[in-house]
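These notes are about the structure you will find just below.
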Amino acid sequence: MSAVGQAPVRLDGPDKVTGRARYAVEHPIDGPLHGWLVQARVAVGAVTGVDRQSALAVPGVLYVLDAGNAPALAATDDSELLVLQSTRISYRGQVVAMVLADTLEAAREGARSLRVTYDEQPHDVLLTREHPKLYAPEKVNPAFPTDTAGGDLDAAMAAAAHVVDVEYDTPAHFNNPMEPHATTAQWDGDRLTVHDSTQGTTAVKKHLASAFGVPEHGVRVLAAHVGGGFGAKGSPRPNVVLAAMAARVTGRAVKLALTRQQQFALVGYRTPTLQRVRLGADADGRLTALAHEAYEQTSTVFEFAEQTTEGTRHLYDAGAKFTTHRLAALDVPTPRWMRAPGEAPGIFALESAMDELAAAAGINPVELRIRNDTQHDPETGAPFSSRHLVQCLRRGAERFGWDSRDPRPAVRRDGRWLVGTGVACATYPVYQAPSSARARRCHDGTFEIGINATDIGTGARTVLWQIAADALGVDPARVRVDIADSDLPAASGAGGSSGTSSWGSAVHKACRTLCDGTAAEVVVDTADDIAAQSEVSRHAFGAQFAEARVDLDSGEVRVPRMLGVFAVGRIINPRTARSQLLGGMVMGLSMALHESGTLDIGYGDYANSNLSDYHVATHADVVDVQAEWVEEHDDQLNAIGTKGIGEIGIVGSPAAVLNAVWHATGVRVRELPITPDRLLGGLPERQDVL
Ligand code: MOS
């Protein structure tokens, strides 16, 4: 009779497929103004003039806001949110003005017509390993050490039976959720109501109250439906501040949606990474030395230091270990979170290098990873609460048909195609953030749960409903869950794969507390439960397998099969969980084969800022992607036993594809994406004729 473990369809599914679900700028509102942003045409310098009349001359255009007339905002830690507060320009694409009009078309035309003049200064946008501005940040996202070191690396490398010393690079990646960042904002005196496309409205409410100097209780932020985020909506972004500012200035409701092109500069992206991995192993393949260095960029506006090598600290032990991050503040848009920030590019490099070690040592790549398993966190020495990586590898190998694999590269042909298979490990930390929740017993025998969680398309609303029904011990039909409204009990944002653990624990506690007492309503908080947690290391693990086929003539790569086997704690809803894991794996495939921001050094920004030039995997690329999980019962996580599933699917999958491409071709590509030009020169000669 347990609702947890069942696979109900999303509660909001019917509303979404019938169009009843309202996204941020779809809420009916009387006579809104429409905003359109104007972006800087230079990368560094200052705005010297805004000819407002040039836009106001367009019929329907009513206001132009720029640094010369925008109201002052309160100071904030996130300087990217100090929009229109200065004429200074720190990256190409920064917002320099907002045009407001009665129609969207007039706003767009006004923005196009607005004449802005600039004082342009030289810019510096290219990250290199030798960049003079590289420095060691104080910490890396969110609060990990920048550097770690233990043992004598040089001695261990010198004494190793097998060594690998390689550089792997990844380009800038852009989140591109289906729904762009978008906001509807309306003031009523000092009260502000906002519909925002965000991963967490509690944080948006706090920021808006602070920015505009009004009490938090007067600000209400809603996000009933959100069309994806992947980290780009993990904190308030400029759009919500601009919409609220425009509504305040004009006294009218304002709708503002970023265009797809604007998304590329204004909401964050994954930093490019330049990495070096050094591995030393004994004759049996056991790691004796492990060094992982990452070079990354941030902007001059805000420091975001991706934790690129953090995953490496926890995956394998080695006698001598060394990890480091160096950051350069360039004249570029600010990079931020993108699905598995750190682990996605970092484990890509590590697991590609591990494949090189397997080849150098003549050891089966699955076996190499099994030999290097550890049940203690190499970073802290603490035991893992659970680590079933070996089970994932064994199960995946069995299902994928790994045991019959010939380890030699470039020896399998199927017509024009070279064929190979690859494997890589996945890992992602278990996060849980304090949240509060309310449970209410109604007279008709039903129950109402309230928590300001956000469902960004994951199925969060549905799994919280399942968790509540079980905690109350009632049929789910008697339970209603309200989320995504900042007037509900405060909760953490949808990020770090922590939603189900954070919100589910709060919902579970509220329901149990209600059942244990006689009150008709209870509100609980999980802050104390999290602070009391035991000192074990909590991580999710997985094994990723891929088959690659490479066209001998064109260098085109196809991936006919992917399989991920994960150990991610308890699965609440197999349908929505599988969807998260598959989505992550597809994004990993996309990262391996397609995604790459193309830097235009002359203009100083990413030239392919649209979905026709910035390629992502399409249906034709996704042939047979399977995800499964091993049973894992871990009572040292939280009340519901979950580890998080939103991000681990993108971890390891790019390396599995890259390793499969090497196995197919014998060409070791060390820079993503694996485009034909990076393969063609190294492919074997064709001996036959079509
Ligand atoms: Mo995720 S990148 O923590 O939203």
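The values are calculated or read from the model by the stated rules, or taken from the named source; none is laboratory data. All figures in this text were calculated on a predicted structure; none of them were measured in a lab. No Cβ is skipped: glycine too gets one built from the backbone with ideal geometry, and neighbour counts run over all protein chains shown. Note: areas computed on protein heavy atoms with side chains; ligands, DNA, RNA excluded. Shrake-Rupley method; radii C 1.70, N 1.55, O 1.52, S 1.80 Å.
So for the chain, averaging the separation of alpha carbon pairs under 8 Å that are six or more residues apart and normalising by length, what relative contact order in percent results?
16 percent
Roughly how many Å² of Thr87 are accessible to a 1.4 Å probe, to the nearest 10?
70 Å²
Sort Lys133, Lys205, Lys509, Lys233 from largest to smallest accessible area, using a 1.4 Å probe on the heavy atoms of the protein chains.
Lys133, Lys509, Lys205, Lys233
Given the whole protein assembly as supplied and a 1.4 Å probe, what does the accessible area of Thr18 come to in Å², nearest 10?
80 Å²
Rounded, prolate or oblate for segment 599-690? Axes are the square roots of the Cα gyration tensor eigenvalues, ordered a ≥ b ≥ c, and the cut-off for rounded is a/c under 1.5.
Oblate, because a/c is 1.5 or more while a/b does not exceed b/c.
What is the mean projected area of the alpha carbon convex hull for segment 1-142, to one decimal in square nanometres?
One quarter of the hull surface, i.e. the mean projection, equals 15.8 nm².
Give me the accessible area of His376, 1.4 Å probe, in Å² rounded to the nearest 10.
The value for His376 is about 100 Å².
For segment 288-301, in order, what is each residue's ³J(HN,Hα) by Karplus, 6.51 cos²θ - 1.76 cosθ + 1.60 with θ = phi - 60°, in whole Hz (x at glycine and Pro)?
Here the 3J(HN,Hα) series is 10, 8, 8, 10, 9, 10, 10, 10, 9, 10, 9, 9, 8, 8 Hz.
Could you compute the FRET efficiency for Lys133 and Asp30, with r as their C-beta to C-beta distance and R0 at 60 Å, rounded to 0.05?
Efficiency at R0 = 60 Å is approximately 0.75.
Using θ = phi - 60° and the Karplus curve 6.51 cos²θ - 1.76 cosθ + 1.60, what whole-Hz ³J(HN,Hα) does each residue of segment 674-687 get, with Gly and Pro shown as x?
Running phi through 6.51 cos²θ - 1.76 cosθ + 1.60 with θ = phi - 60° gives 7, 8, x, 5, 7, 10, 4, x, x, 6, x, 5, 7, 8 Hz.
Leaving out same-chain residues fewer than 8 places away, which lysines sit with a Cα under 28 Å from that of Lys321?
Once the sequence-local lysines are set aside, what remains near Lys321 is Lys133, Lys139, Lys643.
If Glu343, Glu628, Glu120 are ordered by their accessible area, calculated over protein heavy atoms with a 1.4 Å probe, which sequence runs from highest to lowest?
Glu120, Glu628, Glu343
In the chain, with Lys and Arg counted as +1 and Asp and Glu as -1 at Cβ, which of these residues, Trp417, Pro429, Gly19, has the Cα nearest the positive end of the dipole, that is, farthest along it?
Farthest towards the positive end: Gly19.
Which cross-chain or sequence-distant (5 or more) residues have an amide H under 5 Å from the amide H of Val625, H modelled 1.01 Å from N in plane?
Met562
Can you quote the Å³ per residue value for the convex hull of the Cα atoms in segment 430-500, rounded to an integer?
Taking the convex hull of the Cα positions in segment 430-500, it is 86 Å³ per residue.
Skipping prolines and chain starts, which residues have an amide H placed within reach, meaning under 5 Å, of the one on Ala540, given they are 5 or more residues away or on another chain?
Counting only residues 5 or more places away or on other chains, the set is Tyr428, Val430.
Given Gln262, Tyr316, Gly342, which one lies farthest toward the positive end of the charge dipole of segment 262-411, if we put +1 on the Cβ of every Lys and Arg and -1 on the Cβ of every Asp and Glu?
About the Cα centre, the residue reaching furthest to the positive side is Gln262.
Could you tell me the center-to-center distance, by alpha carbons, between segment 84-160 and segment 287-332 in angstrom?
The distance from the Cα centre of segment 84-160 to that of segment 287-332 comes to 17 Å.
Kindly sort Tyr316, Tyr135 by accessible area of their heavy atoms, largest first, with the probe set to 1.4 Å.
Ranking Tyr316, Tyr135 by accessible area, largest first, yields Tyr135, Tyr316.
Which of the listed residues, Gln580, Tyr606, Gly646, is farthest toward the dipole's positive end in segment 575-690, when Lys, Arg count +1 and Asp, Glu count -1 at the beta-carbon?
Tyr606
In a shell of Cβ-Cβ distance under 12 Å around Thr308, excluding Thr308 itself, what net charge do Lys and Arg (+1) and Asp and Glu (-1) give?
Here the count lands on -2.
What residues qualify as long-range amide H neighbours of Ala382, i.e. H under 5 Å apart, gap of 5 or more or another chain, H built at 1.01 Å from N?
Asp377
So what are the radius of gyration and Dmax for the Cα set of the chain, in Å?
Answer for the chain, Rg first and Dmax second: 25.8, 82 Å.
What dipole magnitude, in Debye to the nearest 20, does segment 444-585 give about its Cα centre under +1 on Lys/Arg Cβ and -1 on Asp/Glu Cβ?
The dipole magnitude comes to about 560 debye.
What FRET efficiency comes out for the pair Glu631/Gln85, r = Cβ-Cβ distance, R0 = 60 Å, nearest 0.05?
According to the calculation, E is roughly 0.65.
If R₀ is 41 angstrom, what is the calculated FRET efficiency for the pair Asp119 and His217, using the beta carbon separation as r and rounding to 0.05?
E(calc), rounded to 0.05, equals 0.40.
Using 0.36 nm per residue, how much length does the chain from Glu521 to Val622 gain when fully extended, once their Cα-Cα distance is taken away?
Gain in length upon complete extension: 31.6 nm.
When the Karplus curve 6.51 cos²θ - 1.76 cosθ + 1.60 is applied with θ = phi - 60°, which whole-Hz ³J(HN,Hα) does each residue of segment 621-635 get, with x for Gly and Pro?
7, 9, 9, 8, 10, 10, 10, 9, 9, 8, 5, 9, 10, 10, 8
Given charges of +1 on the Cβ of Lys and Arg and -1 on the Cβ of Asp and Glu, with all other atoms neutral, how large is the dipole of the chain about its Cα centre, in debye to the nearest 20?
1100 debye
So what does log10 I(q)/I(0) come out to for segment 125-279 at q = 0.11, 0.14, 0.16 Å⁻¹, using the Debye formula with one equal point on every Cα and no solvent?
Per q value, in the given order, log10 I(q)/I(0) is -0.62, -0.82, -0.94.
Dipole size in debye (nearest 20) for segment 230-363 around its Cα centre, Lys and Arg Cβ +1, Asp and Glu Cβ -1?
About 1040 debye.
If the chain between Arg413 and Asp190 were fully stretched, how many nm would it gain, using 0.36 nm times the residue separation less the Cα-Cα distance?
So the chain would gain 73.3 nm between Arg413 and Asp190.
Per DSSP helix of 4 or more residues, -39500 (n - 2.57); summed, then divided by the residues of the chain. What does that give at 222 nm, rounded to the nearest 500?
-7500 deg cm²/dmol
Restricting attention to segment 587-686, which trypsin sites (Lys or Arg not before Pro) occupy a DSSP loop and are surrounded by at most 11 other Cβ atoms within 10 Å?
Sites meeting the loop and neighbour criteria: Arg686.
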